[in-house]
Structure formats: C-alpha cells, structure tokens
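The values are calculated or read from the model by the stated rules, or taken from the named source; none is laboratory data. Model, not experiment: these values are computed from the prediction. Ideal geometry is used to build each Cβ from the backbone, glycine not excepted, and the neighbour counts take in all protein chains shown.
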Amino acid sequence: MEKLTGTGKTGPIYQSDQQTIVNIVFKAGETLPTHSAPNCVVVVPVRGTIQFRGEDFDERIAPGSVVRINPDEKHSLEALTDAEVMVIKSHLA
C-alpha cells in the first residue's frame, strides 16, 4: 500500500506499466482540446469546477463526482473556475 498526494501543480504523481496518475491544474477559462487515450481513464476533481464534454456527455464536474472514460473515447475539458484534477490512466488486462 502506498499513499500518493497531489502536488498542487501539473505533473506526474505515479507511473507503472499498468497505471499512470497525473495531476493537472487549470486557470479559469483554460481548456484541454478534444482528445482520447488508449486506456481506461478516471478523472477526479480535486478543486474547482470543470465542464467535461464527450460524445453524448456534457456535464459540470466538481469535487465529489468522478468521470470514467472508456479507451479511445473522445473528450474535452474547460475550467469554469481555477481547478485541479487527478487523472488516472489504467491498462486493464
């Protein structure tokens, strides 16, 4: 077991062959353009509010909610306030 803590800035938190955890910090108004990942992704809001968009999905997320993204599913984000998220990318066998 290992405790991992966010850094308060954009950068990696943990990496192995099966999983990567990254912290991303946004200023209000910043966006992450439409993209996809070959892995299962979980986005965990740490602070602030993010507009999260995907095919048939357009939701505001904030601490207390989690978004799970299937491999190769296109999505984008827009920070509605200063915000921070942890992104967990996992290779599921």
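Points worth noting:
- When the residues of the stretch 74-93 are filtered to those that are more than 12 Å from the chain's Cα centre (by Cα) and of a type outside the set (Ser, Thr, Tyr), the one that is surrounded by the fewest Cβ atoms within 10 Å (Cβ to Cβ) is Ala93.
- So Pro71, is it surrounded by 14 or more Cβ atoms within 10 Å (Cβ to Cβ), not hydrophobic (A, V, I, L, M, F, W, C) and not in a strand (DSSP E or B): yes
- In a residue-by-residue description of the stretch 60-67, the property of being touching a residue at least 24 places away in the same chain (Cβ under 8 Å) and either touching an Asp or Glu at 6+ places or on another chain (Cβ under 8 Å) or surrounded by fewer than 17 Cβ atoms within 10 Å (Cβ to Cβ) (or both) applies to at least one position.
- Of residues in the stretch 1-25 being within 20 Å of Gly64 (Cα to Cα) and in contact (Cβ under 8 Å) with a residue 60 or more places away in the chain, the one surrounded by the fewest Cβ atoms within 10 Å (Cβ to Cβ): Gly8
- Candidates in the stretch 26-52 are the residues that are among the polar types (S, T, N, Q) and crowded, with 16+ Cβ neighbours inside 10 Å; of these, the one that is modelled with the highest pLDDT is Thr49.
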